[in-house]
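Data block below; observations after.
The values are calculated or read from the model by the stated rules, or taken from the named source; none is laboratory data. What you see is a predicted model, and the numbers here were worked out from it, not measured in a lab. Quick reminder, even Gly has a Cβ in these numbers, built from the backbone with ideal geometry, and neighbours come from all protein chains shown. These area figures cover heavy atoms from the full protein model, side chains too; ligands, DNA and RNA do not enter into them. Shrake-Rupley method; radii C 1.70, N 1.55, O 1.52, S 1.80 Å.
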Amino acid sequence: MYIFNIYSVFSDRHFVWHNLCAASVITKNVLMTAAHCLRPNEIQSDPAKNQIYLGLSDLNGEMGGQYSQLLSIKRVQQHPNYNNVASYFDIGLIHTETEIKFTKLTRPLCLPKTHHTKIDTKAGRSVDLAGWGWTDPDSTSKELKLRHETITVFSREKCNGKYNVTGGDDGPKREKFLPDLFNNTVLCAGLTVC
């Protein structure tokens, strides 16, 4: 599994780096990430002005290591059905200006050879999850080292039963980003679904 950083870079005499999201290499010029990572944000109004930094697993680590690569983005694409509100079709592509050099630490992600439309056929399977971010909902700081976890895919029925969009204090928030609950465009996975 190879996960890389999408950085926003801006300069007023020096670089200021902001880690925005993780991405996975799928070809020598294309990385895959979440569509919500490619929308304009408070850091950068044009996502294509961001850069990709490959080969860094510790966000506090030294940049410019033996296997690192800094690449400019040629263009970005959100899935055409992604609407920047709901979580459906939350997938996007990043096209780089130059080719990615495959190294000991940089390899393409292995994608399925066939198109799968029936998410429930994956229920019970283990999948890998990697990235940076919050590891505890009560934490005030993000994890700065790349983390990896093996999680289980759950059926839509199980997830829809657990995550009723109207119940609880955060029901209205869930209703906004999952109005139709889990369907074939959203994968439900985790360590447990109680």
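Is there a pair in Lys28/Lys118; Lys122/Lys145; Lys122/Lys162; Lys122/Lys158; Lys118/Lys158; Lys74/Lys145 whose C-alpha atoms are over 20 Å apart, and which pairs would that be?
In this structure, Lys28/Lys118; Lys122/Lys145; Lys74/Lys145 lie more than 20 Å apart at Cα.
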*Probe 1.4 Å, all protein chains present, accessible-area order of His36, His95, largest first*: His36, His95
_Heavy atoms of the protein only, probe of 1.4 Å, neighbouring chains included. What is the accessible area of Cys188 in Å², nearest 10?_
10
*What accessible surface, in Å², does a 1.4 Å probe find on Arg39, ignoring ligands, DNA and RNA and rounding to the nearest 10?*
80
*the stretch 65-164: GluC sites (Glu not before Pro) in DSSP coil with no more than 15 other Cβ atoms inside 10 Å*: Glu97, Glu99
*Pairwise FRET efficiency - Lys28 versus Val85, Cβ, R0 = 35 Å, nearest 0.05*: 0.60
